[in-house]
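Below you'll find the structure, written out as C-alpha cells, and then a few comments.
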2 protein chains.
Amino acid sequence: MAEGLVISIDAMGGDHAPEAVLDGIEIIARRGLGARFLVHGPAARITALLEARPAARAACIVRDAEKVIAMDVKPSQAMRQGKGSSMWNALASVEEGEAAVCVSAGNTGALMAIAMIRLRKMDGVHRPALIASWPTARGFAAVLDVGANVEADAAQLVEFAIMGEAFQRAVRGDLRPKVGLLNVGSEDQKGHEEIRAAGRLIRESGVDLDFHGFIEGDDISRGTVDVVVTDGFTGNVALKTAEGTARLVAGFLREALSGGVLSRLGALLAYPALQKLKDRMDPRSVNGAVFVGLNGLVVKSHGGADGLGYAAAIDVAVRMAGSHFREEVAANLRRLAVAEPAPAAATGAS
Amino acid sequence: MAEGLVISIDAMGGDHAPEAVLDGIEIIARRGLGARFLVHGPAARITALLEARPAARAACIVRDAEKVIAMDVKPSQAMRQGKGSSMWNALASVEEGEAAVCVSAGNTGALMAIAMIRLRKMDGVHRPALIASWPTARGFAAVLDVGANVEADAAQLVEFAIMGEAFQRAVRGDLRPKVGLLNVGSEDQKGHEEIRAAGRLIRESGVDLDFHGFIEGDDISRGTVDVVVTDGFTGNVALKTAEGTARLVAGFLREALSGGVLSRLGALLAYPALQKLKDRMDPRSVNGAVFVGLNGLVVKSHGGADGLGYAAAIDVAVRMAGSHFREEVAANLRRLAVAEPAPAAATGAS
C-alpha cells in the first residue's frame, strides 16, 4: 500500500536523536510496507547506527547533513542559520518532490518557520496550523491549532475548521465530521469576540461544514464533535493539560492497586485488561501532529519520543501521504471563496 | 470551630435547587460544627422541604425571596432585574455583615455581576477572579482565573498571582506556595505578550512571591507549582478539559475491568482500592470555586452539584470564613503598591 512512497526524515530532531528516529524507522520497515526513507543527518554516524538496524538499513538512503538545529533555538535564528541542517534538508526533499512527506521530532517553532520558507502556504490559507489526534469516548477527534500560532482571528479559525474537517475526512475516513469551536460556554454570547465572529462566519459562509457550534473543554474527550477548532495557545494548553491529567489518574490507579494484598492480587488477575488500558492510554500511540496549510506534508513527532513513539509519527505520515488531504482542503477553500467574493479576490492576488 | 459562623445560602441556584442545596446543608449540619445558615428562597417551599431534613431545619433561618435568577440569563439582565432574588439577597446578607460568606450554585456570570454591585472590589484589585482547587500528584493547586473574565492583561495576571498565593496560604495552610504562569513553553520568549509582561512584573515588583516562572498544561497535575495563574478563558478550558479527561480514563478503566471473567474477579478483589480511587477522583469532592478580590467571601458551587457536591462547597466556605484570606491579599497588594508608586496612587483614588 505504501509501495513507492518516499518519506523524508530529519534524523537529528528530538531529545533521543538519532537513535530513537532510526529505531522508529526499523519498526516501520520490518512491517514491509515498501516505503523508503531519505534520512538527513551526519552520514558516518547514521550509517554506523544502521548496522544494528537491518530492516531500516535496507529501506534508508542516507543524505549527509552535519548541521543540527538545537531544540532551544528561536524560530528566527533557525530561519537565518538553518540552511544545510538535517531539518532544512528534510523539508527541501518534500519541496523538490523527492519525498511525499517529512517527519521531524525537532524544535516545533523552527520546523514551522523553515517549513513556511521551503513549502510556503497553500493558496487561500493565511496561517498553517498544527493538528493533534485526541482519543475520545467515540474514537479520535482532530484538534487544531495545538501550537503553531499563539493567536487566531475569526477568519483564521474558519480556515482551521476547513483544514481540520478535510484532515478528519482524509485521515480517519470520516465522511461527515462534526465541527465545534472551543469556548467557555455553549451560548452564543459566550467567549472572545473572535470566536463568536468565527461561529457566525462558518454559519453564513457557503463552506458547508457540519457545524455543531460552541463546545466546552469537557466536550473534547466526550467526542461531542470530530473536529475541535481553537487558537494555538488554548489548544496547546488543553492538549498538555489532558496529557497531565491522564498521567495523574494512571498514577492514582497504580497507587490504589499496590495498596494491599487483595488489591495486588486483583491487579494480577486483571493484568491483561490493565495492560490493554495502558496501551490505549499510551501517549506514544497518538504521537504525530500534522502541520496543515502548506504546499507539502509535514509531521511533527514529540521531541521526547522513543522508537515506538517515532514509529507512530511515521504511521501518521504514511496515512497522510496516501490520502487526498490537500485536495480536500483546496476544495473546501474554493467553496469559501465562492461564498465570499471579496476576501477570495484578496487572497487570490497574494 | 465554626461556632457562631453564619453562612448565607442562595437556595434557588443550580440545576437541582432547592433540594440539592438543602441536602448539602443537612450533610454539613449533621456534623455539628455549630454554623448557622441564612437560606434565601421561597419561604413556604423551603420550609416544607426542611421537614425531611431535621439537622438543616435546626440550623437554618429562612428568608423569603420569591424571585429566582435563571441559569441562562445574561449578566447584564441579572444586574438590572436581579434585585430581590434569592441570589441578590444572599449576597446582600454578606454585604450587610449578617453572614461571613455566601454560597450559590447559580449562574456564574450573574453571581459575579451582582457580587460586584453588592460587595464591590477590594481596594487595589482591578478584576476579581474565580479560583478552583485542582488535585495534583502533590496535593492541591489553586488555579485562577477559571472563568470570571475572558481576558486578562499583565497587571491583572499579577493581581491573580497575589490573590492565588494568599488563598493557598489561607485555605491550605501552605506557608510559601510556589506560583507559576500558565504558558505554551517554559522559555522566556514563549506565549502572549501579556504573559511575558506579567512574568517580568512579578520578578521586578517587590511583591515577594516564590515565583517559579512559566509552566505548561501538564505541569498543573504534576504539582510543579501550588498556584497556577492564567486568564479566565484558558483556565476554564483547562479545568473542563481535565474533568473530561479524568472521566474518559475512568470510563476506559471500567470498560477494561468488565471485559472478562478474570478481569471482573480482579476488579472484585481490588474493589475497596478502586472505590477509594473513585472517591479520590470524584469531582464532587473538589466542588466549590471561590470568587476572590471582593469585599466579602463568595463560593460558587457547580450548577449540577447534588447534596454531597453542595456540602463540599459549604466546606470551602467554612474554611474561607475561618481564614485570614482577605488580610493576606491586602498585605500582598500593599507590598506591590510600595514597589510601584504610580499605579498605587491611581488605584488608591478609585
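Spin-label model, A:Asp279/A:Lys74: points 7 Å from Cα along the beta carbon direction are separated by 4.6 nm. Counting only other chain Cβ atoms within 10 Å of each residue's Cβ, the peptide A:182-191 averages 4. What percent does the relative contact order of chain A come to when contacts are Cα pairs within less than 8 Å and at least six residues apart? Rounded, it is 23 percent for chain A. Can you tell me how chain B classifies by the Cα gyration tensor, rounded, prolate or oblate, using a/c under 1.5 as the rounded cut? Judged from the Cα gyration tensor, chain B comes out oblate (a/c at least 1.5, b/c at or above a/b).
Fewest Cβ neighbours within 10 Å first, please rank A:Thr234, A:Thr224 accordingly. Mind dumping the intermediate values first?
Values: A:Thr234 27, A:Thr224 20.
Arranged by neighbour count, lowest to highest, A:Thr234, A:Thr224 become A:Thr224, A:Thr234.
Distance from the Cα centroid of the stretch B:239-268 to that of the stretch A:165-189 is 26 Å (rounded to whole angstrom). Plainly put, the tip 7 Å out from Cα toward Cβ on A:Gly84 is 8.2 nm from that tip on each other copy, the closest given first. The modelled label-to-label distance for the pair B:Leu308/B:Asp153, using points 7 Å beyond Cα in the direction of Cβ, is 4.6 nm. Would you work out if the stretch B:129-283 is rounded, prolate or oblate? Take a ≥ b ≥ c from the square roots of the eigenvalues of the alpha-carbon gyration tensor; rounded if a/c is under 1.5, else prolate when a/b is larger than b/c, oblate otherwise. Cα axes put the stretch B:129-283 in the prolate bin.
Between copies, the label points of A:Gly139, set 7 Å from Cα on the Cα→Cβ line, lie 4.5 nm apart, reported in increasing order to one decimal in nanometres. The Cα atoms of the protein assembly as shown give a gyration tensor whose axes a ≥ b ≥ c have a/c of 1.5 or more with a/b greater than b/c, which makes the shape prolate. Residues whose amide H comes within less than 5 Å of that of A:Thr136, counting only those at least five positions distant or on another chain, are A:Ala141 (H built at 1.01 Å from N in the peptide plane). If the segment from A:Gln81 to A:Glu204 were pulled out straight at 0.36 nm per residue, it would be longer than the present Cα-Cα gap by 39.8 nm. Taking the helices alone, chain A has a mean residue ellipticity at 222 nm of -15500 deg cm²/dmol, built from -39,500 (n - 2.57) per DSSP H run of at least 4 residues and averaged over all its residues. Take A:Glu327, move 7 Å from Cα toward the beta carbon, and the resulting point lies 7.3 nm from the same point in each other copy, nearest first. A simple count of charges around B:Lys240, restricted to other residues whose Cβ falls under 11 Å of its Cβ and scoring Lys, Arg +1 and Asp, Glu -1, yields -2. For the stretch B:199-236 versus the stretch A:67-127, the spacing of their alpha-carbon centroids is 32 Å. Summarising the label geometry, the points placed 7 Å from Cα in the beta-carbon direction at A:His16 and B:His16 lie 4.6 nm from one another.
Throughout, read-outs are computed from the coordinates displayed, never taken from laboratory work. These numbers were taken from a predicted model, which means no experiment stands behind them. Positions of Cβ are generated from backbone atoms using ideal geometry, with glycine treated the same way; all protein chains shown enter the neighbour counts.
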